[in-house]
1. Between region 1-58 and region 147-165, how far is it from one alpha carbon centroid to the other, in angstrom?
2. In whole Å and largest first, what semi-axes does the C-alpha gyration tensor of region 1-106 yield when each eigenvalue is scaled by 5 and square-rooted?
3. Where does each of 149-158, 64-73 land if you order them by average Cβ count within 10 Å, highest first?
Amino acid sequence: MPQLPRLLRDAWLSRLLLRSQRGDRDAFRELYRALYEPVSRYLRRRVSHPAEAEDLVGQVFLRLLESLDRVDPRKGTVFAYALSMARNALVDDARRRTGRVPEEAAAAVPDSELGPLDRLVGDEDAARVRSELARLPAETQELLMLRFGDGLRFSEIAQMLGLNEAAVRQRTSRAVRELRARWDAGLAGGALANDG
């Protein structure tokens with residue numbers, strides 16, 4: 001997908017969707033190409049095997065094609081709709097394999113996509129962040145991953161999770177404050193341990 005400001009991206013995707021709904025196959029191919037990378041990245045971050053992620057990506061786009069006439073870009077962004085479909089495919093896959101939905105299915109903390117030097121320097125902090133995130137409820141983990149891991153706007157998260165935007169903002173703010181307090185408490189505890 002070209003690097004466009006979000007408002008332009010959303011308008012462009014909406015136009016592609018509308019053309020696709022009118023039967024324009026080229027528009028659907030372009031919509032597929034535009035959404036493939038974000039959908040694939042979302043799933044790769046949450047699935048341990050690349051082949052599984054690719055299977056899920058295929059399911060998402062098949063579902064998108066099958067439900068094309070029901071997608072209304074006035075009810076939310078096409079981008080968030082596609083990621084909602086990816087989230088649902090992930091949950092459905094987990095349910096099919098285990099007979100239940102694991103809490104962490106949609107909230108898995110992704111592996112770092114940093115370079116080797118950044119990874120080396122940040123491994124300790126990243127491990128600590130993962131540890132603190134793991135202590136949060138699965139819904140809060142997912143909310144934080146959608147906001148900070150996937151870079152979604154509050155309105156897109158609200159659309160995906162069926163919440164109102166104010167609730168998403170409030171829950172995110174509360175979770176960040178809680179994580180910051182835990183982080184600060186851990187740093188203070190570490191400083192005291194080093195002084196002793």
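What follows draws every value from the coordinates through simple rules; no lab data is involved. For clarity, every value in this text was computed on a predicted model and none was experimentally measured. Virtual Cβ from ideal backbone geometry, glycine too; neighbours counted across all protein chains shown.
1. Rounded to whole Å, the Cα centres lie 17 Å apart.
2. Working: eigenvalues 127, 40, 31 Å².
Taking √(5λ) for each eigenvalue gives 25, 14, 12 Å, largest first.
3. On the way: 149-158: 19.3, 64-73: 13.2.
Order by mean packing, descending: 149-158, 64-73.
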